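> Structure in structure tokens, see below.
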Amino acid sequence: MIHTYTVTGMSCMGCKASVEKALSNLDGVINVTADLKKAEATIEMISHIPVVKLQEALLHAGLHYTIEEGVQKDASSKEINHPHTHSHKKLPVPGNGIYYCPMHCEGDKTYDKPGDCPVCGMDLVEQPRLISKQQYTCSMHPEVIKDEPGACPICGMDLIPLEPSESAEDKTYNELARKMKISVVFALPVFFISMSEMIHNNPLSNLLNMNVWNWIQFILTLPIVFYTCFMFFVRAWKSIITWNLNMFTLIGIGSGVAFLFSVAALIFPTAFPDEFKTHDGSVHLYFEAVAVILTLVLLGQLLEARAHSQTSSSIKALLKMTPSEATLIENGQDKVVSIHNIIVGNLLRVKPGDKIPVDGLIKDGSSTIDESMITGEPIPVDKKEGDKVSAGTINGTKSFVMEAQKVGADTLLSQIIQMVNSASRSRAPIQKLADLISKYFVPIVIAISVITFAIWSVWGPEPAYIYGFVNAVAVLIIACPCALGLATPMSVMVGIGKGAQEGILIKNAEALEIMNKVTVLITDKTGTITEGKPSVNKVFAIEGYSEEDLIQLIASLNQYSEHPLATAVTRYGKEKGITFIDAKDFEAIAGKGVTGIINDKKVSLGNLKLMEHMHVSIVGSLNTSILEEQKLGKTVSYISINQVAVGYVAISDAIKTNSKTAIAELMEQGVEVIMITGDNKNTAKAVADELHLTNFIAECLPEDKLNMIKKLQAEGKLVAMAGDGINDSPALAQANVGIAMGTGTDVAIENSEITLVKGDLHGIVKAKKLSRNVMRNIKQNLFFAFIYNVLGVPIAAGILFPFFGLLLSPMIAAAAMSLSSVSVIANALRLKKASLDS
């Protein structure tokens, strides 16, 4: 068999050759041909190989490309770009061994090795593994590792799940913790030796000469400078030669100058002028400052490493929901298999308490499903035959059989994880301000440090050079561009994770920021305000036609349509036991209805616009009867045969239970809510009256929704559009923020920035509150970072000395600098506990 896959990330002939080689090494693959121009790979294989195995083959070969089933769409249909939306880029497939900068200095750029960012110098953070595969081992023979459960080939014991290896995050934290302990062991003696000089009748001087103690300080400082904290000097050097100046530039220069000064003063004390000497004629050494400063900076890095782990906890929680195995029904027998071996169409048995392995339909049985991890709603949902179930949700007390419909990366859970991971690394527009300031921050601080030394040297008290040197070092150490850089991405990462836990999926940080400023919400009616599960109430036939004949005609015509109203009609036909007839020349006319030829008769079903378009004649009594139905809030479609109206079908769609309260809350917040629907004015007015909506527009075509949004945007308004159907896609793409119902079509979800998994308007209220919380949190972080640096740098320079006689020790400056970044992350983590319910 031959399959064609989309491969994202190939850029040259070398990439093409690497992909072909990596995939050809898989068992069962006969031939691989990669097409660089089309970004595709055609694979000839003996039997079907799950796409996850193909992806793993690329990852194991060190190739961070994405391989997906199906061919890539034409560029014109793949993505709709416009002035008001964010262009979504496909990121390299995440997994262990892929790293990124937590400050996103280079946007979406990733690295295949751990290290530090070449721009800001911070430790690269490993992305959580989004493609996880459960493996099994033997407790007696750990060298045995299998992809499937079974028996150990050596001793015959049952294999047990293999625990995942330590993540890079944990490795980084543990390595920093080990170095921190070593630093403390050496820094404390240096600190006590130095501080003993301040004690009357210094007891240490009775044991050894102070010059000997100075040499001991030097020796104890060496492991800190050249081992535990040497990475800071490496980062500082890299930042200078690449001219990507950052906080490590300041730390490296400040502590490095202090260390070299102390070494020179220790070895060549007579070479220093009197201005550098204390009242007793000795040159003051700063080994204790170097040791303590570097140790405190290391402590800050340690705390940040732990905090970074918490900011991605939402993704990790989602990953834990992913089941590793399933019960496959094969030839009437149950067989436990890895979820990576499940293909579309497989029948799976889900037992009580099991996690549902993939997305699919219940084929036999019923149960209650806990979907709280997907929708955020705690109440279990009753499911029966024909209902959809999602991977990661938890079965209740009954067993059922399901058919796999979406597997691997196509499941809702996988898409949520991918979306959260991608969005948490996107950049909000507000971050541009911090980026602009950070660009000039380090050079300005270095300049202030030089000026501080000069001012103190000229106008400071004796020893003036000592005062100038200490304060110049303090200025370098206390400044923290890192706090500015972390202010936005930390809040975005935690906020988007919080949204995912509440069933609000946000594709990018830009949408998260804009949502807080939205002034107008345009919402579709069917499937957005209403349940989107319409049911037929009545089929009326004029004299000369039977109701049964009309049901057969309209049900047969609608079997080719995916519109919710069409589904209601075909379901009604099946309930009535009618026989479906083939329809020829079927045509769906957007915003109007459907037409086709059945038994040589031209049949049309739709609204009044369709009847006018088809030049259908309508008797007055039929219009009167239809008007009465519309006033009851029902959607009524005319039925015509050969351009003569012969009846109608009345369909009702219940309003969602929380639509009314959600709209009221949005209006209280100053959001103008406008309902736009393709339905007639009478039906639209009945729904609007029930919702207390004064603004609604009826009988709209898809282009009317699009033009309305453009008109509002031209008036300077920020517009959000909520919809669920294919016909809503242009409007969703044009809106400043497109909001798709998770219960709607894939096309609508693709063209939106926010997806509400549960699919109701209360999710918009939550999304707006989340946006408000995140933006407030970002502003708090930015304010703290600005104020910290605005106040800290002048104090370190000695501005308080003329008035209060106060100076800031470089060691205290180092502690403040380390805690500034940690406090920004800690503030961002508060978002995890914030409630989104009103």
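The values are calculated or read from the model by the stated rules, or taken from the named source; none is laboratory data. Remember, it's a predicted structure, so these values are computed and weren't measured experimentally. Reconstructed Cβ throughout: ideal geometry from the backbone, glycine too, with neighbour counts over all protein chains shown. We work out accessible area using only protein heavy atoms, side chains counted, and drop any ligands, DNA or RNA first. Shrake-Rupley method; radii C 1.70, N 1.55, O 1.52, S 1.80 Å.
> Evaluate the distance, in nm, between pseudo-label points positioned 7 Å from the Cα of E385 and of V401 along their respective Cα→Cβ axes.
Label-label distance for E385 and V401, simple model: 1.1 nm.
> At 1.4 Å probe size, put K711, K602, K21 in order of accessible surface, largest to smallest.
Descending order: K21, K711, K602.
> Separate question: Report the full-extension gain for the segment A590 to I787: residue separation times 0.36 nm, less the Cα-Cα distance, to one decimal in nm.
Using 0.36 nm per residue and subtracting the Cα-Cα distance, I get 65.3 nm.
> Stretched out fully, how many nm does the piece from V212 to S366 gain, at 0.36 nm a residue minus the Cα gap?
Stretched out fully, the V212 to S366 stretch lengthens by 47.2 nm.
> Additional query: Taking a probe of 1.4 angstrom, what is the accessible area of C15 in Å², to the nearest 10?
20
> What does the extension gain come out to for F226 and I145, with contour length at 0.36 nm per residue minus their alpha carbon separation?
Here the segment from F226 to I145 would lengthen by 25.1 nm.
> Provide the packing ranking of 290-299, 389-398, 684-693, i.e. peptides ordered by the mean count of other C-beta atoms within 10 Å per residue, highest first.
For the peptides 290-299, 389-398, 684-693, the packing ranking is 290-299, 389-398, 684-693.
> Which FRET efficiency, nearest 0.05, do E548 and N642 yield, Cβ-Cβ r, R0 22 Å?
Here the calculated transfer efficiency is 0.70.
> Determine the order of L260, L26 by accessible area, beginning with the largest, at a probe radius of 1.4 Å.
From most exposed to least exposed: L260, L26.
> Something else about it: Each label point is 7 Å from the Cα along the Cα-to-Cβ direction; what then is the distance between the points at T270 and D35, in nm?
The two pseudo-label positions are separated by 8.3 nm.
> Could you order D27, D116 by accessible surface area, starting with the largest, using a probe radius of 1.4 Å?
D27, D116
> Can you give the accessible area of F580, probe radius 1.4 Å, in Å² rounded to 10?
It works out to around 70 Å².
> Continuing with this model, one more query. With a 1.4 Å probe and every protein chain left in place, work out the accessible area per residue of region 553-652 in Å², rounded to a whole number.
So region 553-652 comes to 47 Å² accessible per residue, rounded to a whole number.
> Testing the spin-label approximation: label points 7 Å from Cα along Cα→Cβ at I343 and K538. State their distance in nm.
Modelled inter-label distance: 5.2 nm.
> Just the accessible area for K681, please: 1.4 Å probe, Å², rounded to the nearest 10?
Here the residue's solvent-accessible area equals roughly 130 Å².
> Going by average Cβ density within 10 Å per residue, which order do the peptides 337-345, 653-661 take, highest to lowest?
Order by mean packing, descending: 337-345, 653-661.
> State the percentage of accessible surface on region 531-655 attributable to carbon and sulfur atoms; use a 1.4 Å probe and exclude ligands, DNA and RNA.
48
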